[in-house]
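Here the structure comes first, spelled out in structure tokens, and everything after it is commentary.
Since every read-out is calculated from the coordinates, none of them should be taken as a lab result. As the structure is a computational prediction, the values presented were derived from the model and not from experiment. Cβ: placed from backbone, ideal geometry, glycine included. Neighbour counts: every protein chain shown.
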Amino acid sequence: MFTGLIEEIGIIKSISVFGNNRRFTIQATQVLSDLKIDDSISINGACQTVVKRDNTTFEVVAVQETLRKTTLGSFKVGNFINLERAMRLGDRLGGHLVQGHVDCVGRIFHIESTSGSWQLWVEFPNEFSQYVIPIGSICVDGISLTVARVEGSHLMVAIIPHTFEFTTLQKNKVGDTVNLEFDILGKYIEKMFLTHGKSNSEKSILDSWISQPDI
């Protein structure tokens, strides 16, 4: 579990391919202070497991499913990436609850500078539109952001200077793809409204709760 607050920007130092998997060697500094083998780490919003580390780099292995559902399959040596270690119980939750489970890939179609801040427009698959609401939370390449506007299958997030400076957003351009993870709370609420059985006659979990007799 993560917060969507990026700790540092890492660099892809090498990529090796074996079978349908890819092994990434990533150069970093801050996250290496206490990073251990088997730890979870968010790489552009995708939760990966550390399989090796030394004083200046660590390695992760992305399997075929991850490469298919995220932008990790398009990584190249020299790419800059957002890094965040898993959150610890008791820490302040400054962003929002992020699982590191990427829902889909979006595409940047417009970036506008607005007197010291930026408006980033992202196109996303229409099938996920129920999870995107104004002033709701969204994770873009591992960054916890607030949806400012929604127009069909396009959303806009406002980027403050600090976020722009300390994440890979400073390097993004129109046409780039980004990993998107929608708010987990919205997914659970949707599930509560859906029928939980195969028969359409069965009540949803929420309906069953509402219809309980008063005590």
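Of [x] 170; [y] 127; [z] 114, which is the value of volume of the Cα convex hull per residue in Å³ derived from the coordinates here?
Matching entry in [x] 170; [y] 127; [z] 114: [x].
Counting helices only, and only those DSSP H runs with n ≥ 4, report the 222 nm mean residue ellipticity of the chain as the sum of -39,500 (n - 2.57) divided by its residues, in deg cm²/dmol to the nearest 500.
Numbers: 4 runs with 27 residues, N = 215.
Here the helix-only value at 222 nm equals -3000 deg cm²/dmol.
Pick from I160, I41, I111: which is most flexible by mean-square fluctuation in a GNM of the chain where alpha carbon atoms under 10 Å apart are linked?
I160
In a Gaussian network model over the chain where Cα atoms closer than 10 Å are linked, find which of F58, F18, F128 has the largest mean-square fluctuation.
Most flexible of the set in this elastic network: F18.
What is the dipole size for region 1-98, taken about its Cα centre, with +1 at each Lys and Arg Cβ and -1 at each Asp and Glu Cβ, in debye to the nearest 20? The partial results should precede the final answer.
On the way: 12 positive and 10 negative charges, 61 e Å.
Roughly 300 debye for region 1-98.
Hull surface divided by four, with the convex hull built on the Cα atoms of region 1-110: how many nm²?
Numbers: hull surface 29.5 nm².
Answer in nm², one decimal: 7.4.
State the dimensionless ratio Rg/Rh of region 133-189 (Rg: radius of gyration of Cα atoms; Rh: Kirkwood radius). Provide the component values of the computation, followed by the final result.
Numbers: Rg = 11.8 Å, Rh = 12.2 Å.
Ratio value, two decimals: 0.96.
What is the sum of charges, Lys and Arg at +1 and Asp and Glu at -1, for the other residues whose Cβ falls under 13 Å from the Cβ of E165?
Values: positive: K171; negative: E8.
Neighbour charge sum, excluding E165 itself: 0.
What does the extension gain come out to for R23 and T56, with contour length at 0.36 nm per residue minus their alpha carbon separation?
On the way: separation 33, 0.36 × 33 = 11.88 nm, distance 1.64 nm.
Contour length minus the Cα-Cα distance gives 10.2 nm.
Report the calculated FRET efficiency for Q64 and E151 (r = Cβ-Cβ distance, R0 = 30 Å), to the nearest 0.05.
Numbers: r = 34 Å, r/R0 = 1.14.
For Q64 and E151, the calculated efficiency is 0.30.
If neighbour count is taken as other Cβ atoms inside 10 Å, put S153, S144 in order from fewest to most.
Arranged by neighbour count, lowest to highest, S153, S144 become S153, S144.
So for region 32-119, averaging the separation of alpha carbon pairs under 8 Å that are six or more residues apart and normalising by length, what relative contact order in percent results? Walk me through the intermediate numbers first.
Numbers: 91 pairs, mean separation 25.0, N = 88.
Once divided by the residue count of region 32-119, the mean separation gives 28 percent.
Run the simple label-point estimate for I189 and S14 please: 7 Å along Cα→C-beta, distance reported in nm.
4.8
Ordered by residue, what ³J(HN,Hα) values in Hz, to whole numbers, does region 125-130 give under the Karplus form 6.51 cos²θ - 1.76 cosθ + 1.60, where θ = phi - 60° and Gly and Pro are x?
Along region 125-130, the couplings run x, 4, 5, 9, 4, 5 Hz.
Taking θ as phi - 60°, what are the ³J(HN,Hα) couplings along region 7-21 by the Karplus curve (6.51, -1.76, 1.60), each to the nearest whole Hz, with x for Gly and Pro?
8, 6, 9, x, 10, 6, 8, 7, 9, 10, 10, 9, x, 9, 10
What ranking, highest mean first, results for peptides 178-188, 81-91 when packing means the other Cβ atoms within 10 Å averaged over each residue?
Details: 178-188: 19.5, 81-91: 16.2.
Peptide ranking by packing, descending: 178-188, 81-91.
For G45, list long-range residues whose amide hydrogen, built 1.01 Å from N in the peptide plane, is under 5 Å from its own amide hydrogen.
G142
In degrees, nearest 10, range 0 to 90: what is the angle between the Cα axis of helix 184-193 and the longest Cα principal axis of the chain?
20
What does the extension gain come out to for F109 and S40, with contour length at 0.36 nm per residue minus their alpha carbon separation?
Numbers: separation 69, 0.36 × 69 = 24.84 nm, distance 3.11 nm.
Between F109 and S40, full extension yields 21.7 nm more.
Of the residues N126, N44, N79, which exhibits the maximal mean-square fluctuation in a Gaussian network model of the chain defined by a 10 Å Cα contact cut-off?
N126
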